Structures are given as structure tokens and as C-alpha cells.
Amino acid sequence: MDARENQHFRKFVASKSPGLLHVAMRHSGGDQPAAEDLLQDALMKTAKRWHRIDEPEAYVREMLCRRQARRLKPSERSAGGAGISAAGQRIHGAPSTASARPEAAGEQPEPGALKADAPEVRLSDDFAERVHRSLRRRKARSFGVAGVVAAIIAVGVAVPLTVDGGGKQGRPAGEFGTPSVMAHADQSPPRELVAAGRIAVSAYYTTKLVKQSNGDATGTYEWSLLNAGTGRYEKTDWAWLDVASGMQTAAVLERDLPVNRIGLLELATGKVKRWIEVDKRVGGVQFSPDGKRLVATTYSLHPDGFFKDMSYQLNDKTVPGPKPSRTGYYVIDVASGQADFAELPSNIDESSVGPGGGRQDLRWSLDGKLVWEAWGNKEGGIYYDLNGNQMPVPKQEASLPSPGAVLSRDGKLVTGAFAGKGDQIVSEVLDTKTGRRAALVPGQQLLAWADDNHLIAWRCDPEQCSPGEGEFRNQLLLVGLDGQKTIPLSGFRKAKLRYDGRWTPMLTQR
């Protein structure tokens, strides 16, 4: 790090540490000294790669999430504030609810990077100086510390793996004993159906920023949806969508969110068979686990909008910021179209909203009896009944090792956190009764259960995942609980955290 980079890093620490402390507090159970230690460690890792990182704030946020998950023992994770994984938000078909953000703002929609709406906290007076002292000590050693990179971001970080030896060869599906594996290891993004067992990629999206002439901007989702008749993914012009379990119907929203109607589209034909009209404008929808109801979140402004009058400084640039504008939510009976509205304004005001804070969609609980929104408490969310009344966290959700953990269908196992040591990149599976580790499987992020013995995961390219270069080059992979068998389901995404074509899958029960 030269003198100019050192100056920029110091400015970054001074301006961003207070906000990042909120994130660290959530991942350390509210223990401020532990949070400061966690943040200091993440900042020093960031300093080491400063010249390689385009978006340092996003890098630190995701590092905090993953590094804390590694530090906890399995028995402690139920009380920890681990971030919400992509699987936890998309297993019933809903995409991430984070906004599609400006590239300059430093994060693409990542479910683990939740805004930490915690009580007011203040950094210790000497925190910045401690960071800079550590930086000077590391600089004196020329950063010559041997070791490997920990998992830094929930969507796929990597150091070399040894399982199966290479990234493009997998075992025949028959060796798994799991039905209906549709794999296309040469396609990224996929063009043809990707599926394993009871889970399929029903759609995927990319994001981009559309700048407006008045200085505002709009984060835009661009969707490709499965055509069930052809078995291929087709680009759509829908602003937002969700696919119901069974993969026969998608709920779709038109461009220029929020809108006053919701379309019910048939995947077999690609045609909207019915529109549900609503009085209040909707910006996001999600099917209930059984596919019989929708929760539709309402907004007064575009939930993924960024506004010039909310501009703030980030990395020496002035960028437009989001505004909280949620007004409430509808619970809609799909068969009849009856829509019942519950008022629920945003929980944060314009003075405290941070990057990615405009979209605050409601989601369904695991049993479909309540809805919830992401929050910085240890459970990862606040729960409401269908009339907008706050409710206790459901027992099933409260017992999960982290808010985004995914239960096996038989309820005996649950996905855990990243558990790699040294050059090993694996994640753990826990026994739901004892909380003890039941298996270690390849991959940085476990997304969904294909059946009770196999999981779909993100994993980097074992041959090209050197830290700082190929750590974001990852693919969808089917893995067995024995930790040895793998089938590549998709091709690799590029070795960049952010680019216009970086795709995110929607995983749906078929």
C-alpha cells in the first residue's frame, strides 16, 4: 500500500467504521468489544488487498458476515447473529430483497448484507488509531503473513479444493441415487433447465443501474424465466417475479414499480392468464410455501430507486441514495384474488437509511402462517401476523442455527455455516436435535436440499480460485453428504464480484 492508497484507506476507516460497526455488532451478539475486534480484523484484511478491491465497503460487510460464522462453534450458532443466506430467501422462489444498487455504491443484491438497524453505538475513541497501528505493524512485515483467505462473501469465495480434482468433471447422476438431475456444466448463465431432485432453477436475474437525466437512478432486475414447455430460460421484461412451488405459475410485476396489478403467468405458455388489481402500489411479491397465497409489499416510491436528494459520499464519489417508502403489505388469495391489506410503514427514516435500504419486502415464515422482514436481531427478522401485528419468532425459525439455514425435508438435518480450515473450503451440516456437526460438504454456501442426502451449493473453480483473482469464479454444484461426490450443475460465473451479467438463481420446489 503506497502513500496515496494509505491515505484513502485512512479516510475509508474514518468515514465508514461507525456504520460498519452496526454490522459487526449484529454478528457478535451485541458485544461491542468483540464487534470492534471483528471489524478491525476485517479492515486489516481489506487493507491487505486494497489495490484489488473496487468496492471496499461491500467487501468488509460480507467479510464480517462470513468470518463471524467461521468463529462460532456449532453449539453457539443458534444464538449468533449470522446473516440471512440466499437460500433462506429464495427457497420458496423469492429472490434477494436487497436493492439492485449503483455500482459505485459497492454492493450488488446480497441477502447476507443486511442493513444493521441496531441501537445507537459508538466506536471507542482509539479505534481508528488501533487500526492504523495494526496497519503499520503489518506494513513493517511487508504483509508477509502466510495463510489463506477466509470465506469473504456469501455468494462464493474460494481457495483451492481437492474434491474431484477439477471444476468441469462430475460424477454420473446415477451414482448419487437422486432423481432427475439436469446439469449443464458448460452454461453460465444456464440456457436449459438446471435441476436436481425436488429443486430446480426456475428463473435467474442479473442487475444493472439505469441513470436518469435528473441525477436519480434505478436499480433494475433483468429476469430470465423458465419456459416449462421448451425447458429453456427466456429473457423477460418483467420488473419483478416469483415462482410458486410446483413451477406452474409465476407472479409478475410490470416495469415502473410500484404498480397496481399483479399478473399470474403460466410457465408452460409464458402468458399471463389473470391479473389481480390492487388499490395500493406493489413493488415486490412472494408466494407462500404452499403456493396458495401471495404477500405483496407496497411502496409509495420505486423500492430500488436511488435519489439525488439523498446523495452521500462513498469512496470519494457522490452517489444517489435510497429512500424508505414501504407502506404495508397485501395478503392475497391466489384462487379468488381477494387482497387484504395491512399497514406497515418502513422501520427506518430517511436520515438513517443506508445503501440498499429502499426495498424492504415482507416474506413468508417457514410454515406460511406469518410474514417477516429482515432485521438486525439475533433471529434475523421481525415477524407479523396477516393483520400487521408483531408476533413472537416462530419456534422453528428460532431454533435454526442461523436465519438463512435450510432444513432437510425429513427435518433431521439443517445447513450450517462455512467451516473450512487452511486451504479447505467446506460447509457443515448439523443434526437438528443435537446441534452437532453431521457432515462436511464442499462449497462456500449451501443453498437447498435436492433430497435428504444431497445439497445444491455454490463452489469456486478448484483450479482457478486463488485469493483475489478467482475467488468469485463459482458454479452451482450438487454435493452428497459424504463430502466426496459432486456434480457440476451450471457453468462458472466470472471471477468478479460485480459485472452486468453476473446471474443469481431462483431455486424453487418442483
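Bear in mind these aren't lab numbers, they're just calculated from the coordinates by the rules spelled out. Model, not experiment: these values are computed from the prediction. Positions of Cβ are backbone-derived with ideal geometry, glycine not excepted, and every protein chain shown enters the neighbour counts.
Some notes on this structure:
- Vicinal HN-Hα couplings computed from phi for the stretch 280-287 (Karplus, 6.51 cos²θ - 1.76 cosθ + 1.60; Hz; Gly/Pro x): 9, 6, 9, x, x, 9, 8, 6
- The stretch 190-208 versus the stretch 440-510: alpha-carbon centroid distance in Å: 13
- For the stretch 273-420, the C-alpha radius of gyration divided by 2.2 N^0.38 Å, with N the number of residues, is 1.18.
- Restraint check, LYS208/LYS292; LYS323/LYS395; LYS208/LYS273; LYS48/LYS421, Cα-Cα greater than 23 Å: LYS208/LYS292; LYS323/LYS395; LYS208/LYS273
- A simple spin-label model places pseudo-atoms 7 Å from Cα toward Cβ; at THR318 and SER336 they are separated by 5.3 nm.
- Full-stretch length increase - VAL210, GLU192 - with 0.36 nm per residue and alpha-carbon distance subtracted: 3.6 nm
- Electrostatic tally near GLN248: other residues with Cβ closer than 14 Å to its Cβ, Lys and Arg +1, Asp and Glu -1, net +2.
- Here the simple spin-label model places points 7 Å from the Cα toward Cβ, and for ASP482 and LYS235 these points are separated by 4.3 nm.
- Built amide H within the under 5 Å cut-off of ASN227, gap 5+: ARG232, TYR233, GLU234
- Per-pair calculated FRET efficiency, R0 = 30 Å: ASN347 and LYS433 via Cβ, rounded to 0.05: 0.30
- Exceeding the 20 Å Cα-Cα cut-off - candidates LYS11/LYS494; LYS280/LYS369; LYS235/LYS271; LYS16/LYS211: LYS11/LYS494; LYS280/LYS369; LYS16/LYS211
- Cα gyration tensor, the stretch 444-510 - rounded (a/c under 1.5), prolate or oblate: oblate
- The stretch 361-510 shape via C-alpha gyration tensor axes, a/c threshold 1.5: prolate
- Here the spin labels are modelled as points 7 Å beyond Cα on the Cα-Cβ line, and at TYR499 and ALA34 they lie 3.9 nm apart.
- At an R0 of 30 angstrom, the distance between the Cβ atoms of GLU266 and LYS369 translates into a FRET efficiency of 0.60.
- Global form of the stretch 207-247, assessed from the alpha-carbon gyration tensor, a/c cut-off 1.5: prolate
- Summing Lys and Arg as +1 and Asp and Glu as -1 over all other residues whose Cβ lies under 11 Å from the Cβ of GLY197 gives a net charge of +1.
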